[in-house]
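Just below is one structure, and these are the notes that go with it.
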Amino acid sequence: MPLGQVIRSYDEDYVKNMLQSYHDCIGSDQERFLKENSIVMEKKDMCRTYLAIDKDDVTSILGYVSIGLRCLSVPDETSLSKSFSKRMNIDPDTKVAQSYLIGQLSRSKDAPPGLGRSILTDALNLFFSAKKIVGCRLVRVDCSDDLREYYRDMGFNWVMRNKGKDLNQMVYILSSPDGTV
């Protein structure tokens, strides 16, 4: 359920309390984002947050994803193949690729197994719909070392380490079911 829809449907204090009840499975920055920044960023049109709500308790958040836009600066020296780099549509002058962003992805400690993958798949489907409307085929995520394999298993490719942030920049290229871009 889109956070914006929840904000429009309920009193903002009610929504803030609802978000405060969320507990990430590892008690991370993702929990802090949802509680402290998601409403502000939603109102400023900086990103969109989608909540996975327990069907039996509409006040219980099982997980969420925040998505937006973020350019990706790609240095010449990456481990990506030339064909993959070409599919990223990197501007040859600026070395920047336009991309969608998975800003936060989180599941609660009470979430059923596989919910994180389901939320990520839903986010990729949202990006695919946006691609049909406005273009852009690249999805970016910045993740810690312990999540690199998780995103690799979901089809993301490692680009490089973030400068000064100790995170990994990984990308996914949206393609049609037949494999075409």
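The values are calculated or read from the model by the stated rules, or taken from the named source; none is laboratory data. This is a predicted model, so every value here is computed, not measured. Note that we place each Cβ from the backbone using ideal geometry, even for glycine, and neighbour counts take in every protein chain shown.
Taking the condition basic (Lys, Arg) and more than 25 Å from THR121 (Cβ to Cβ), does LYS43 pass? Judged against the criteria, LYS43 is a match.
Among the residues of segment 151-163, some residue qualifies, meaning at least one is on the phi < 0 side of the Ramachandran plot, assigned to a helix (DSSP H, G or I), free of Cβ contacts under 8 Å to residues at least 40 places away in the same chain and under 14 Å from the mean Cα position of the chain (by Cα).
I need a count of the residues in segment 97-124 that are polar (S, T, N, Q) and at pLDDT 95 or above.
Final tally of qualifying residues: 4.
Residues in segment 46-68 that are without any contact (Cβ under 8 Å) to a residue 40 or more places away in the chain and of a type in the set (A, V, I, L, M) were compared, and the one that is nearest to GLN169 (Cα to Cα) is MET46.
Please determine, by comparing only the residues of segment 86-104 that are free of Cβ contacts under 8 Å to residues at least 40 places away in the same chain and hydrophobic (A, V, I, L, M, F, W, C), which one is surrounded by the most Cβ atoms within 10 Å (Cβ to Cβ).
So, considering only residues that are free of Cβ contacts under 8 Å to residues at least 40 places away in the same chain and hydrophobic (A, V, I, L, M, F, W, C), the one surrounded by the most Cβ atoms within 10 Å (Cβ to Cβ) is ILE102.
Among the candidates GLY116, GLY103, the residue that is in a strand (DSSP E or B) and not β-branched (Val, Ile, Thr) is uniquely GLY103.
Here's the yes/no breakdown for (1) within 20 Å of the chain's Cα centre (by Cα); (2) surrounded by 20 or more Cβ atoms within 10 Å (Cβ to Cβ); (3) closer than 22 Å to ILE26 by Cα:
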site: ALA52; (1), (2), (3): yes, yes, yes
site: ILE61; (1), (2), (3): yes, yes, yes
site: SER66; (1), (2), (3): yes, yes, yes
site: ASP76; (1), (2), (3): no, no, no
site: SER106; (1), (2), (3): yes, yes, yes
site: PRO113; (1), (2), (3): yes, no, yes
site: SER118; (1), (2), (3): yes, no, yes
site: CYS136; (1), (2), (3): yes, no, no
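To keep it simple, each residue is scored yes or no on (1) of a type in the set (Lys, Arg); (2) at pLDDT below 95; (3) under 27 Å from TRP158 (Cβ atoms).
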site: GLY27; (1), (2), (3): no, yes, yes
site: GLU31; (1), (2), (3): no, yes, yes
site: VAL40; (1), (2), (3): no, no, no
site: CYS47; (1), (2), (3): no, no, yes
site: ILE53; (1), (2), (3): no, yes, no
site: ASP56; (1), (2), (3): no, yes, no
site: VAL65; (1), (2), (3): no, no, yes
site: LEU72; (1), (2), (3): no, yes, yes
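Looking across segment 76-85, the residues that are assigned to a loop (DSSP other than H, G, I, E, B) and without any contact (Cβ under 8 Å) to a residue 40 or more places away in the chain come down to ASP76, GLU77, SER81.
From (1) under 21 Å from the mean Cα position of the chain (by Cα); (2) at pLDDT below 90, pick out the condition that doesn't hold for ILE90. The one condition ILE90 does not meet is (2).
When you scan segment 121-133, do you find a residue that is part of a strand (DSSP E or B) and in contact (Cβ under 8 Å) with a residue 40 or more places away in the chain, even just one? Checked against the condition, which is being part of a strand (DSSP E or B) and in contact (Cβ under 8 Å) with a residue 40 or more places away in the chain, segment 121-133 yields no hits at all.
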